[in-house]
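Working notes for the structure below.
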Amino acid sequence: MEDLFLIGVGLGLGLIVIGAGIGIGRLASAAAEGIARQPEAADKITGAVNLPLFLLEGVAILGEVFALLVLLMTRG
Amino acid sequence: MSVSESGHSSGTVLEQVGDNIIHHVSNSSLDQPLIHLPPIFGINISVTKHVLMLWVVAALVSIFVIVPIQKYMKKEKPVPSGWMNAIEAIVSFIRDAIVKPNIGSKFTDTWAPMILTFFFFILFANGIGLIPIFDTLGATSRFLFDVPKGDDHYFVNKLLHGGATVTGNFNVTAGLAALTFFAIIIAGSKAHGFIAHWKNLKPKGFSIPISIMLILIETLGMFVKPFALTMRLAANMTGGHIALLAILSFMAIFAEMVNPLTGIGLSLFAVPMAAAISGLEIIVVLVQAYVFTLLSAVFIGMAINVHH
C-alpha cells in the first residue's frame, strides 16, 4: 500500500516538472523571438520576462515541497 | 566526506545515504546543542548550527558591508576605491533597477535600505553555504589531530552536525518573509493611510458577489505572497545541496552494490558533475538573492501603486 503513495509522489513530481518546463520554455522562446525581432528592446524584454519566470518557478517549487511533505507524512 | 561522517547509523550504504544527506542540509538536533542555554518560558533557546551560522553571517555582513560604508560616509570627499566600488555598484544597481521601477521614485529612499539589507544578508547567507568550512575543519581535526569521530565533547565534532546554509532553513526564510509581510502593510499605510490600505484590497467596479470573492482571494494572496517567498528561497538553497550530495553518494552506493572499482570509475563522472553543479550553485546563490529582493520590492510596490 505504501508503494502506491510513492508512485503518487513520483508522478506528481514529474507532472510539476513538465508543467514548469513547458511554462519556462514558452517564456524563453517568446523572449528570444522578441529580442530577435527587436534587438534594441532586449533590456526591456529581459526585465519583463524575469518576474513571471520567478513566479512560475515559485509555483513549481511549492509543488515540490508539498510532494516532499506527502512523502514524509507517509513515511512517519 | 559525506558518507563517512554519518557516524551513528548502521546498515548498508544505501540505507545510510538518505539520512546522511538530510543530516548535511538540516539544522543540528536540539539534543546536542553547540552552546547549552536554559529554557525561557518553556522554549529551548540553545544555540544550534544554524543559529551559529546566522551570527557568523551577521558578523560578516557587518565587517564587509556596514563598516566600510560607515567609514566611507565619514570621509571629506567620498570617492569610492577598492572594495567600496563593488558595494557601490551593487547598491546603485538595486536602487535603480529593482527599487525605483517597482516602488516608484517617491518612496525609493524609504524602502531601498530594507531591500538592500535583504539582498546583502541573503547573498552572504547563501554564499557561505558553498564554502566547505566545516568539512575542512572536521577533516583537519580528524586526520591531523586524531580526534575520534563519535566523541561529542570536542567542539569541532559538535560543529559537524547539520548544514551551513542558513537560508536553507524554512524558519529563517519565514522570518525574512514575515518582514516583507509587515513591510507591505506599513508601505500601504504610509502611502494611503491605514484604513485606506485595507480598502485597497477591495477592487472597485465589480458587482457585490464578485467583490466578496475577490476580497477573499486578495486576503488569501496577502498570506500566499510571503509563503511563496519562504518556500522559494529555502527549497532552492536546500535542493542544490541535496543534488550535490546525492551525486557524490552514487560513488559509495555503486562501490558497495557492484564492486569498489566501479565506485572509483564512477568518481571520474561524479566528481566533475559535482563541480559543475557547484558552479551552477554560484549562479543560484546570486539569482535567489536577486529574486527575493525583487519580489519583496514588487510586493511593496503593489501596496503603494494601487491601480484598478
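The values are calculated or read from the model by the stated rules, or taken from the named source; none is laboratory data. These figures come from a predicted structure and were not determined experimentally. As a convention, Cβ positions derive from the backbone with ideal geometry for all residues, glycine included, and neighbour counts pool all protein chains shown. Accessible surface is based on the protein model in full, side chains and every heavy atom, while ligands, DNA and RNA are left aside. Shrake-Rupley method; radii C 1.70, N 1.55, O 1.52, S 1.80 Å.
Test A:Glu57 against the stated conditions and say whether it is within 22 Å of B:Phe299 (Cβ to Cβ) and of a type in the set (Asp, Glu). Reasoning before the result, please.
Details: within 22 Å of B:Phe299 (Cβ to Cβ): yes; of a type in the set (Asp, Glu): yes.
Yes: the conditions hold for A:Glu57.
In a helix (DSSP H, G or I), closer than 18 Å to B:Val306 by Cβ and open to solvent by 50 Å² or more (accessible area, probe 1.4 Å): which single residue out of B:Ile212, B:Ile242, B:Ile217 fits that description? Walk me through how you get there before you give the answer.
Working: B:Ile212 fails: closer than 18 Å to B:Val306 by Cβ; B:Ile242 fails: closer than 18 Å to B:Val306 by Cβ.
None of the others qualify; the one that does is B:Ile217.
With the requirement that a residue be more than 21 Å from the chain's Cα centre (by Cα), open to solvent by 50 Å² or more (accessible area, probe 1.4 Å) and of a type outside the set (S, T, N, Q), what does region B:13-40 give you?
B:Leu14, B:Glu15, B:Asp19, B:Asp31, B:Ile35, B:His36, B:Leu37, B:Pro38, B:Pro39, B:Ile40
Assess whether B:Leu229 counts as being within 14 Å of chain A (Cβ to nearest Cβ), at negative phi and either open to solvent by less than 30 Å² (accessible area, probe 1.4 Å) or aromatic (Phe, Trp, Tyr) (or both). Write out each step before concluding.
Numbers: within 14 Å of chain A (Cβ to nearest Cβ): yes; at negative phi: yes; either open to solvent by less than 30 Å² (accessible area, probe 1.4 Å) or aromatic (Phe, Trp, Tyr) (or both): yes.
In short, yes.
Whether any residue in region B:91-114 is away from chain A (no Cβ under 14 Å), on the phi < 0 side of the Ramachandran plot, open to solvent by less than 80 Å² (accessible area, probe 1.4 Å) and under 18 Å from the mean Cα position of the chain (by Cα) is what I want to check.
Looking through region B:91-114, at least one residue is away from chain A (no Cβ under 14 Å), on the phi < 0 side of the Ramachandran plot, open to solvent by less than 80 Å² (accessible area, probe 1.4 Å) and under 18 Å from the mean Cα position of the chain (by Cα).
Please go through region A:37-66 and pick out each residue that is of a type in the set (Val, Ile, Thr) and within 9 Å of chain B (Cβ to nearest Cβ). Step through it out loud before you land on a result.
First pass over region A:37-66, keeping only residues of a type in the set (Val, Ile, Thr): A:45-46, A:49, A:59, A:61, A:65.
Answer for region A:37-66, where residues must be of a type in the set (Val, Ile, Thr) and within 9 Å of chain B (Cβ to nearest Cβ): A:Val59, A:Ile61, A:Val65.
Could we say that B:Trp55 is under 30 Å from B:Gly162 (Cα atoms) and without any contact (Cβ under 8 Å) to a residue 60 or more places away in the chain here?
On the way: under 30 Å from B:Gly162 (Cα atoms): yes; without any contact (Cβ under 8 Å) to a residue 60 or more places away in the chain: yes.
Criteria met by B:Trp55.
If I ask for residues that are under 21 Å from B:Lys190 (Cα atoms), of a type outside the set (A, V, I, L, M, F, W, C) and out of contact with any Lys or Arg (no Cβ under 9 Å at 6 or more places or on another chain), which ones from region B:205-222 would you list?
B:Thr219, B:Gly221
Let's see how each residue does on (1) within 20 Å of the chain's Cα centre (by Cα); (2) open to solvent by 10 Å² or more (accessible area, probe 1.4 Å):
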{"site": "B:Gly221", "(1), (2)": "no, yes"}
{"site": "B:Val224", "(1), (2)": "yes, yes"}
{"site": "B:Leu233", "(1), (2)": "yes, no"}
{"site": "B:Leu295", "(1), (2)": "yes, no"}
{"site": "B:Val298", "(1), (2)": "yes, yes"}
{"site": "B:Ile304", "(1), (2)": "no, yes"}
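Restricting attention to region B:252-271, does a residue exist that is buried (at least 19 other Cβ atoms within 10 Å of the Cβ), under 21 Å from B:Leu130 (Cβ atoms) and not aliphatic (A, V, I, L, M)?
There is no residue in region B:252-271 that is buried (at least 19 other Cβ atoms within 10 Å of the Cβ), under 21 Å from B:Leu130 (Cβ atoms) and not aliphatic (A, V, I, L, M).
Any residue in region B:285-307 that is facing chain A (nearest Cβ under 9 Å) sitting within a Cβ distance under 8 Å of a residue that is of a type in the set (Phe, Trp, Tyr) and part of a helix (DSSP H, G or I)? List the pairs, counting only those 6 or more apart or interchain.
Hits for this filter: B:Tyr290/B:Phe119; B:Val291/A:Phe54; B:Leu294/A:Phe54; B:Leu295/A:Phe54.
Tell me the residue from B:Leu268, B:Leu245 that is in contact (Cβ under 8 Å) with a residue 60 or more places away in the chain and not β-branched (Val, Ile, Thr), please.
Just one listed residue meets the conditions, B:Leu245.
Scan region B:9-51 for residues that are closer than 19 Å to B:Gly175 by Cβ and touching a residue at least 60 places away in the same chain (Cβ under 8 Å) and jot them down.
Listed by number, the residues that qualify are B:Val25, B:Ser26, B:Asn27, B:Ser28, B:Thr48, B:Lys49, B:His50.
Would you confirm whether or not region A:14-29 contains a residue that is crowded, with 16+ Cβ neighbours inside 10 Å, under 21 Å from B:Gly239 (Cα atoms), away from chain B (no Cβ under 14 Å) and modelled with pLDDT of 80 or more?
Yes.
Against the definition (part of a helix (DSSP H, G or I), free of Cβ contacts under 8 Å to residues at least 40 places away in the same chain and in contact with a Leu (Cβ under 6 Å, 6 or more places away or on another chain)), how does A:Gly23 come out, yes or no? Give the derivation first.
Values: part of a helix (DSSP H, G or I): yes; free of Cβ contacts under 8 Å to residues at least 40 places away in the same chain: yes; in contact with a Leu (Cβ under 6 Å, 6 or more places away or on another chain): yes.
Taking the combined requirement at face value, the residue satisfies it.
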